[in-house]
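S.K.: Sharing a structure below in structure tokens format, with a few things to ask.
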Amino acid sequence: MTTTKVRNIMQNIRVACVSMNGFLGEPEKALNNIETFCHQAATQGVELILFPELVVHGHNAPNTPEIAESVPDGPSCQRLAALSQELNMVISAGLSERDEQLVYNTQVLFGPGGLIGKQRKIHLSRDEKNHYTGGSEIEAFNIGKCTVGTTICYDGQFPELPRILTLKGAEILLMPHAMRECHWQDNDPESERHARRHLHKLLTRYTMRAWENYCFIIVTDQAGKAGVVDNLPIDHVNQPYHPGGAMIIAPDAEILAHTQIDKIEDEMIVQDLCAGDIDKMRNHENYQLKTRQNKLFKDLV
């Protein structure tokens, strides 16, 4: 039997998760809202906060190649770094990253000392291929009280990625989204409620990722209509309309906290994560990473 030892360093930590709009090509507007939420979180003693995929520059903004910026030297990154230092808080937020001639859908992770790390989206969905190049690295990062890994939206639908991050030491998986799963009509509360509840139902599927790896999961989606892509019909599936929602899941797949399910609006949830919960699960004799038969899994690759 092949066993795997996963090192646990986690301490109790208070986290926050924000579901909010990421306006197309308007980073200053998004950063102002990020700053407001971070200050609210700081008053509640939050130590780690997650914002959605591409929240800074907007999801698939038509001018993505022009507004993408370098990491960590770009203006949005500099502002996030200063905010993290000011509030002594770890901040994860999504933006469009430029690296020479290539543009990536990237989630950056800043701590009080500057850039901790970044994760580039690996599996691009639908029209994202028009602007972005897929990433090729999977890394977990020690942020002091715990180790975190990130899967960006569609990446989370591949169970191999959370497993690899767990093997690299992740105790918390950050899962930012800009999911466009269900459109709704303006000024129609029932249509809005339907879209919001549909997205909530989809997010609950990540309880299985928590259970598969005995890790905490923090998941969020952009919330609202981020703008209009002019060359698409107003009701096209690729318009940046995001039903929103956020959820925090325990290693035993219990949903510890989630946003309301009736309205699409900016919202933050806060939750204390207990290190003892993950220790209890991972010390169990049937923890999957202790008992899995690696030699039988060669066909996966």
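The values are calculated or read from the model by the stated rules, or taken from the named source; none is laboratory data. Here the structure is a predicted model, which means the values were calculated and not measured. Using ideal geometry, Cβ is built from the backbone for each residue, glycine included, and neighbour counts are taken over all protein chains shown.
S.K.: Answer yes if at least one residue in the stretch 258-266 is hydrophobic (A, V, I, L, M, F, W, C) and either touching a Gly at 6+ places or on another chain (Cβ under 8 Å) or surrounded by fewer than 18 Cβ atoms within 10 Å (Cβ to Cβ) (or both), and no otherwise.
M.R.: yes
S.K.: Is one or more of the residues making up the stretch 230-244 in contact (Cβ under 8 Å) with a residue 12 or more places away in the chain and touching a helix residue (DSSP H, G or I) at 6+ places or on another chain (Cβ under 6 Å)?
M.R.: For the stretch 230-244, residues in contact (Cβ under 8 Å) with a residue 12 or more places away in the chain and touching a helix residue (DSSP H, G or I) at 6+ places or on another chain (Cβ under 6 Å): present.
S.K.: What are the pairs with Cβ atoms under 6 angstrom where one residue, in the stretch 19-42, is under 19 Å from Pro240 (Cα atoms) and the other, located anywhere, is β-branched (Val, Ile, Thr) and part of a loop (DSSP other than H, G, I, E, B)? Sequence gap at least six, or different chains.
M.R.: From residues that are under 19 Å from Pro240 (Cα atoms), the pairs are Ser19/Thr259; Gly22/Val55; Pro27/Val56; Ala30/Val55; Ala30/Val56.
S.K.: Still on this model: Whether any residue in the stretch 49-56 is of a type in the set (Asp, Glu), in contact with a helix residue (DSSP H, G or I) (Cβ under 6 Å, 6 or more places away or on another chain) and closer than 23 Å to Val229 by Cα is what I want to check. Let's see the steps before the verdict.
M.R.: Step one: filter the stretch 49-56 for residues of a type in the set (Asp, Glu), giving 53.
Narrowing the set further to residues that are in contact with a helix residue (DSSP H, G or I) (Cβ under 6 Å, 6 or more places away or on another chain) leaves 53.
Now drop any that are not closer than 23 Å to Val229 by Cα, which leaves 53.
Within the stretch 49-56 (the criterion being of a type in the set (Asp, Glu), in contact with a helix residue (DSSP H, G or I) (Cβ under 6 Å, 6 or more places away or on another chain) and closer than 23 Å to Val229 by Cα), the answer is yes, since at least one residue qualifies.
S.K.: Kindly list the number of the only condition in (1) farther than 28 Å from Asp262 by Cα; (2) within 14 Å of the chain's Cα centre (by Cα) that fails for Tyr154.
M.R.: Of everything listed in (1) farther than 28 Å from Asp262 by Cα; (2) within 14 Å of the chain's Cα centre (by Cα), Tyr154 misses just condition (1).
S.K.: Would you confirm whether or not the stretch 205-227 contains a residue that is of a type in the set (Lys, Arg), surrounded by fewer than 14 Cβ atoms within 10 Å (Cβ to Cβ) and within 17 Å of the chain's Cα centre (by Cα)?
M.R.: Yes: one or more hits.
S.K.: Restricting attention to the stretch 197-256, which residues are in contact with a strand residue (DSSP E or B) (Cβ under 6 Å, 6 or more places away or on another chain) and farther than 26 Å from Val46 by Cα?
M.R.: Within the stretch 197-256, Lys225, Tyr241 meet the criteria.
S.K.: Yes or no: Ile172 modelled with pLDDT of 95 or more, surrounded by 18 or more Cβ atoms within 10 Å (Cβ to Cβ) and touching an Asp or Glu at 6+ places or on another chain (Cβ under 8 Å)?
M.R.: The answer is no for Ile172.
S.K.: Still on this structure, please answer the following. Filter the stretch 133-169 down to the residues that are polar (S, T, N, Q), assigned to a helix (DSSP H, G or I) and farther than 20 Å from His59 by Cα and list them by number.
M.R.: If the condition is that a residue be polar (S, T, N, Q), assigned to a helix (DSSP H, G or I) and farther than 20 Å from His59 by Cα, then Thr166 is the only one that fits.
S.K.: Here's something else I'd like to know. Please go through the stretch 50-67 and give me each residue that is buried (at least 24 other Cβ atoms within 10 Å of the Cβ) and either on the phi < 0 side of the Ramachandran plot or β-branched (Val, Ile, Thr) (or both), ordered by number.
M.R.: Those that are buried (at least 24 other Cβ atoms within 10 Å of the Cβ) and either on the phi < 0 side of the Ramachandran plot or β-branched (Val, Ile, Thr) (or both): Leu50, Phe51, Pro52, Glu53, Val55, Val56, His57, His59, Ala61.
S.K.: Just one of (1) of a type in the set (Val, Ile, Thr); (2) closer than 19 Å to Lys118 by Cα; (3) without any contact (Cβ under 8 Å) to a residue 60 or more places away in the chain; (4) in a helix (DSSP H, G or I) trips up Thr207, so point out which.
M.R.: Thr207 satisfies all of (1) of a type in the set (Val, Ile, Thr); (2) closer than 19 Å to Lys118 by Cα; (3) without any contact (Cβ under 8 Å) to a residue 60 or more places away in the chain; (4) in a helix (DSSP H, G or I) except (2).
S.K.: Out of (1) touching a Pro at 6+ places or on another chain (Cβ under 9 Å); (2) surrounded by 20 or more Cβ atoms within 10 Å (Cβ to Cβ); (3) within 15 Å of Arg196 (Cα to Cα), what's the single condition that is false for Met247?
M.R.: Met247 satisfies all of (1) touching a Pro at 6+ places or on another chain (Cβ under 9 Å); (2) surrounded by 20 or more Cβ atoms within 10 Å (Cβ to Cβ); (3) within 15 Å of Arg196 (Cα to Cα) except (1).
One line per residue, one yes/no per condition, for (1) surrounded by fewer than 16 Cβ atoms within 10 Å (Cβ to Cβ); (2) within 19 Å of Ala140 (Cβ to Cβ); (3) among the basic types (Lys, Arg); (4) in contact with a Gly (Cβ under 9 Å, 6 or more places away or on another chain):
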| site | (1), (2), (3), (4) |
| --- | --- |
| Glu47 | no, yes, no, yes |
| Arg79 | no, no, yes, no |
| Glu86 | yes, no, no, no |
| Ala93 | no, yes, no, no |
| Thr106 | no, yes, no, yes |
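S.K.: Among the numbered criteria (1) closer than 21 Å to Met20 by Cα; (2) outside any loop (DSSP other than H, G, I, E, B), which single criterion is violated by Val228?
M.R.: Of everything listed in (1) closer than 21 Å to Met20 by Cα; (2) outside any loop (DSSP other than H, G, I, E, B), Val228 misses just condition (2).
S.K.: Given the options Ile143, Ile164, name the one that is out of contact with any Lys or Arg (no Cβ under 9 Å at 6 or more places or on another chain) and closer than 23 Å to Asn294 by Cβ.
M.R.: Only one candidate qualifies: Ile164.
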